[in-house]
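Accompanying notes for the structure given below.
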Amino acid sequence: MREIELVDTAITQLRRMLPASWVLERSHGTPKSEDPAIEPLRLDGTIDLRAANGTSTQIALRAERSFSPRAAEQLLQALLQAPDSVACRPILLICGWLSSRSQELLAGRGVSYFDLTGNALISLEEPALFIKSLGAARDPQPAARAKVRLSGSKAARVVRLLVDVTPPYRVGEIASSTGLTSAYVSGLLDSLDRETLIERSGRGKVSDVDISGLLRRFAESYDIFKTNRARRFIASGGTLEVLSRLPDLPDSAALTITGSFAAARLAPLAVPAMLLAYTRDIKAAVSSLELTRAQKGVNVILLSPFDEVVWERTSEKDGIRYVSPAQAAVDCLTGSGRMPAEGATLLRWMLENQSSWRSLSLREQPGSSDSG
């Protein structure tokens, strides 16, 4: 679909969303672009919007058949450097489909958008107008280009490394550290770059990582209780009694704490109630801790991990081992009850305290001492 057809279709759909007394139509005699020499600021005409009380505004249009998060980032960067005559006027991006990441970037900078599947956010001061609607979560007409999915064990290893270790690092270094092929790592980094979840410098080296955005993106295809094998139990003496016994457990029954207790250690939100922990041998842990299998009144959940990555960069305090902050955050974000809120609180702490948990390089091997 050509840009002019995108605009015509969008105008037709938008009219149905407005009050019947409002008028929306193409402007006449307006140049297509404010600055055709600067591609990110290319505009595709304007539309006039008039309310029933006579107030009106002219909205600049940018029409795209496809629009990636990287393109959104480039447009927003161009708007920051644009003259007031461009940056201060309402701009509406029209597209066939916008990913949730693109929507998030545009909304964060106050740029209105509308896609033909129904995803829309339009906010105007005069005339006063606010429209927000949800359309397709996935592209109904995806490009033929192969896309690496951000799910599964291999993706988890790369995500954890990107979050746990401060850049820069190259494709080969990531592949060597994770035991994956350079081809897989390169493809995944290309996908993350398109979604602006990482930044890359010369020759594809990763130079920066959107920690929160990357973990939340991975959490979309992960579930602590479904991705891992989860078994539920009752500890008759309570969770604190279980914790007190962990330093003395044999290696075969050792637990590594995640979830609420791991999050609360660094960024407390509320007193944890449910104890979640990874173990290599659920039967040995159950026997050593004298747990009772249950479906109701559960206060301990033991997890057989989906991948060895959960043991990466763990830390120890008072004889109790905890997963990395990144693993705890993802586990909480996909948990139940107040766990997502605990995960969000932990994420904020992570962003504000990177030096206390993030490795400085791939060569740095965190020990097992107390990390906070």
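Here are some notes:
- Here LEU180 fulfils each of the conditions (1) open to solvent by less than 60 Å² (accessible area, probe 1.4 Å); (2) under 18 Å from the mean Cα position of the chain (by Cα); (3) of a type outside the set (Asp, Glu); (4) closer than 30 Å to LEU276 by Cβ apart from (2).
- Pair list, Cβ < 8 Å and 6+ apart or interchain, from segment 133-146 residues that are among the aliphatic types (A, V, I, L, M) and modelled with pLDDT under 75 to residues that are open to solvent by less than 90 Å² (accessible area, probe 1.4 Å) and not in a loop (DSSP other than H, G, I, E, B): ALA146/GLY187
- Within segment 105-115, considering residues that are surrounded by fewer than 19 Cβ atoms within 10 Å (Cβ to Cβ) and touching a residue at least 12 places away in the same chain (Cβ under 8 Å), the one farthest from the chain's Cα centre (by Cα): GLY110
- Counting only residues that are at pLDDT below 90 and open to solvent by less than 50 Å² (accessible area, probe 1.4 Å), segment 12-29 holds 1 of them.
- Output for segment 188-201, where each listed residue is open to solvent by 20 Å² or more (accessible area, probe 1.4 Å) and farther than 19 Å from GLN103 by Cβ: ASP190, GLU199, ARG200, SER201
- Residues of segment 149-163 that are in a loop (DSSP other than H, G, I, E, B) and either modelled with pLDDT of 95 or more or open to solvent by less than 40 Å² (accessible area, probe 1.4 Å) (or both): LEU150, SER151.
- Residue match in segment 126-146 (condition: open to solvent by less than 60 Å² (accessible area, probe 1.4 Å) and of a type in the set (Phe, Trp, Tyr)): no
- Matching residues, segment 247-260, being open to solvent by 20 Å² or more (accessible area, probe 1.4 Å) and either outside any loop (DSSP other than H, G, I, E, B) or closer than 13 Å to ASP318 by Cα (or both): PRO247, ASP248, ASP251, SER252
- Neighbours by Cβ (under 7 Å, 6+ apart or cross-chain): first from segment 236-248, touching a residue at least 12 places away in the same chain (Cβ under 8 Å) and of a type in the set (Val, Ile, Thr); second open to solvent by less than 50 Å² (accessible area, probe 1.4 Å) and part of a loop (DSSP other than H, G, I, E, B): THR239/ASN299; VAL242/ALA235
- From LEU79, LEU49, LEU61, LEU41, residue being at pLDDT 90 or above and surrounded by 13 or more Cβ atoms within 10 Å (Cβ to Cβ): LEU49
- Filtered residue count, segment 217-235, keeping only those that are among the polar types (S, T, N, Q) and either in a strand (DSSP E or B) or in contact with a strand residue (DSSP E or B) (Cβ under 7 Å, 6 or more places away or on another chain) (or both): 1
- Conditions (1) open to solvent by 40 Å² or more (accessible area, probe 1.4 Å); (2) without any contact (Cβ under 8 Å) to a residue 40 or more places away in the chain; (3) in contact with a helix residue (DSSP H, G or I) (Cβ under 7 Å, 6 or more places away or on another chain); number of the one not met by GLU308: (3)
- Residues satisfying the criterion are absent from segment 257-279 (criterion: among the β-branched types (Val, Ile, Thr) and more than 22 Å from THR334 (Cβ to Cβ)).
- Matching option when the condition is free of Cβ contacts under 8 Å to residues at least 24 places away in the same chain and either at negative phi or basic (Lys, Arg) (or both), among LYS205, LYS226: LYS226
- Filtered residues of segment 164-173 (kept if more than 15 Å from GLU312 (Cβ to Cβ) and part of a helix (DSSP H, G or I)): VAL171, GLY172, GLU173
- When SER176, SER191 are checked against the criterion of being without any contact (Cβ under 8 Å) to a residue 12 or more places away in the chain and either under 27 Å from ASN228 (Cα atoms) or in a loop (DSSP other than H, G, I, E, B) (or both), a single residue qualifies: SER176.
- Any hit, segment 358-370, residues being open to solvent by 50 Å² or more (accessible area, probe 1.4 Å) and closer than 22 Å to SER212 by Cα: yes
- Against the numbered list (1) closer than 20 Å to VAL310 by Cβ; (2) open to solvent by less than 60 Å² (accessible area, probe 1.4 Å); (3) without any contact (Cβ under 8 Å) to a residue 24 or more places away in the chain; (4) charged (D, E, K, R), ASP210 comes up short only at (1).
The values are calculated or read from the model by the stated rules, or taken from the named source; none is laboratory data. A quick note: this is a predicted structure, and the numbers were derived from the prediction, not measured. No Cβ is skipped: glycine too gets one built from the backbone with ideal geometry, and neighbour counts run over all protein chains shown. Accessible surface areas use protein heavy atoms only, side chains included; no ligands, DNA or RNA. Shrake-Rupley method; radii C 1.70, N 1.55, O 1.52, S 1.80 Å.
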